[in-house]
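The numbers here are math on the coordinates, done by the rules we state, and not lab data. All of these numbers come straight from a predicted model, not from anything done at the bench. Cβ placement follows ideal geometry from the backbone for every residue including glycine, while neighbour counts extend to all protein chains displayed.
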Amino acid sequence: MTAVAIAEAGREARRTALILAASQAIIGSAAPIAISVGGLAGHYLLGSDKSLATAPITGFNVGVALGALPAAAIIRRLGQRDGFMTGTIVTALGGLIATLALFQASFWLFAFGLLVIGIGGAFVQQFRFAAADNAPSEFKARAISFVLAGGIVTAILGPQIVIFTRELFAPVMFAGSFASILVLAAVGAAILSLLRIPPKATGKAEITDSDARPLSEIVTRPRFVAALFCAVGSYALMSFVMTGAPLAMVGCGLSTDDATLGISWHVMAMFAPSFFTGSLIYRFGAERIVATGLVLLVGCAVVALSGLALWQFWTALILLGLGWNFGFIGATAMVADSYRPSEKGKVQGFHDFVLFGSVAFASLMSGAVYNAWGWEMLNWIIFPVTVLCFVALGVLKMTSARPTSA
């Protein structure tokens, strides 16, 4: 490949990553809408027994997990651009169902609508892999970071949409917020239409490839196992602690505003480093960045267990967000290096199915663990999980000298 061709490939990879980041910022805003008001809307729809109020949020998380494998298969079949466009339709359908459910005061239809939004979110989760797949090796990690940096906009846009639309169709509360998801999906689809995916990167070219290994062979290799352990550990711990943090802050006598601002700092810490995490991975290696993320997660637990002052909650949440960023982006870069082009659909789908299934379980267990054993236990659990991740990285290091075919 000539120098001109290499430069052109780099420019095209940056263009693809920026388009995916912009679309992630718009379509991805459906997630904070669903999570921030899903429980409130569930509370609004239920009668005197409010014990299932957060079930719609669980439905959203389950939808992301259930949609992982079908989303990967559809993208592989249709190609990345058309597959992602299909995802915007699914997201819009979920927003429509949730909106109609609120007008009909149907709790279970609303929960189903959030599950469908979650399935649409499974397509959005594939954006980071698409950015890496269409980038030169030296730009893969930065491409992933670019896409996840769109989460900064998402963290701001989603809550603002809720604030301005929750009473749009009063007295039917929150219907406007979920109706806005249809607009987000349309704008996101328009942005995705600008994608120019090279033919060699589309799913259609992969179907006839004969060099693909069985999934069982790929997912048992040390590099993939370590990447999956660290991705699940980073993401599930983040969801587990973040979900319980507002309950703990309010339970300790802090205000709801204190809890909300703490989560805002946490979300910013999750996504703001994405502008340079990719460069750090390129310079120091994905494994070292993942290990740094795990250390930051341990730091979160240490600070949280040291006391119950406001600064301790906020500092712990910031460290939690930073740990997620380094751990998850680094692990994603490791996954992207563990398969051949002909294998990416099934490997990515399997990875996200396990990942978001674990995240859904973690979010479910957070409230139960907090109610049974308190805030301290949520943080003590960080230690054994991070130890398992470090063990996986250690095994990978010991086997890294062996030749691989990936």
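Summary table
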item: Assigned charges on the beta-carbon of Lys, Arg, Asp, Glu; segment 155-302 dipole about Cα centre (debye); result: 440 debye
item: Tail weight of P(r) past 35 Å, computed on alpha-carbon pairs of the chain, percent; result: 24 percent
item: As computed over segment 1-205, the Cα convex hull volume per residue (Å³); result: 100 Å³
item: Gain in span if fully extended, SER193 to GLU167, counting 0.36 nm per residue against the direct Cα distance; result: 6.1 nm
item: Rounded to the nearest 20 debye, dipole of the chain from Cβ charges on Lys, Arg, Asp, Glu; result: 940 debye
item: Alpha-carbon Debye profile of segment 110-185, log10 I(q)/I(0) at 0.17, 0.20, 0.21 Å⁻¹; result: -0.78, -0.93, -0.98
item: Distance in nm between pseudo-label sites at ARG340 and PHE383 (7 Å out along the Cβ direction from Cα); result: 4.5 nm
item: Selected from ALA259, ALA65, ALA31 as most flexible by GNM, with the chain as the system and alpha-carbon contacts under 10 Å; result: ALA259
item: Additional length obtainable on full extension of the chain from SER255 to VAL183, 0.36 nm per residue less Cα span; result: 22.6 nm
item: Under 13 Å from LYS140, Cα to Cα: aspartates and glutamates that are on another chain or at least 8 residues apart; result: GLU12, ASP337
item: 37 °C / 0.692 mPa s Stokes-Einstein diffusion coefficient of segment 245-318, Kirkwood radius on C-alpha pairs, µm²/s; result: 245 µm²/s
item: Highest-fluctuation residue, PRO136, PRO171, PRO246 considered, GNM on the chain with Cα pairs under 10 Å; result: PRO171
item: Ellipticity estimate at 222 nm from DSSP helix runs (n ≥ 4, -39,500 (n - 2.57)) divided over the chain, nearest 500; result: -27000 deg cm²/dmol
item: In sequence order, calculated HN-Hα J values of segment 315-330 (Karplus, 6.51, -1.76, 1.60; Hz; x Gly/Pro); result: 4, 4, 5, 5, 5, 4, x, 5, x, 4, 4, 5, x, 6, 5, x
item: Calculated FRET efficiency for the pair ALA372/GLU12, C-beta based, R₀ 56 Å, to 0.05; result: 0.60
item: Karplus-derived 3J(HN,Hα), 6.51/-1.76/1.60, for each residue of segment 90-96, Hz, glycine and proline x; result: 4, 4, 4, 4, x, x, 5
item: For peptides 227-238, 291-302, sequence by mean Cβ density within 10 Å, most packed first; result: 227-238, 291-302
item: Integer Hz, Karplus 6.51/-1.76/1.60 couplings in order for segment 284-292, x for Gly and Pro; result: 10, x, 5, 4, 5, 5, 4, 4, 4
item: For segment 266-406, average projected area of the Cα convex hull in nm²; result: 9.6 nm²
item: In nm, spacing of pseudo-spin labels at ARG283 and LEU78 (7 Å Cα→C-beta vector); result: 4.0 nm
item: Ordering of 349-361, 109-121 by packing [mean C-beta count within 10 Å, highest first]; result: 109-121, 349-361
item: Positive-end residue, segment 1-205 charge dipole about Cα centroid, Cβ charges, pick of PRO136, SER23, VAL64; result: PRO136
item: Lys, Arg +1 and Asp, Glu -1 on Cβ, resulting dipole of segment 213-401 about Cα centre, debye, nearest 20; result: 680 debye
item: Inter-centroid distance (Cα atoms) of segment 104-173 relative to segment 341-406, Å; result: 22 Å
item: Residue of THR99, THR91, THR315 that the Gaussian network model of the chain assigns the largest fluctuation, springs spanning Cα pairs under 10 Å; result: THR315
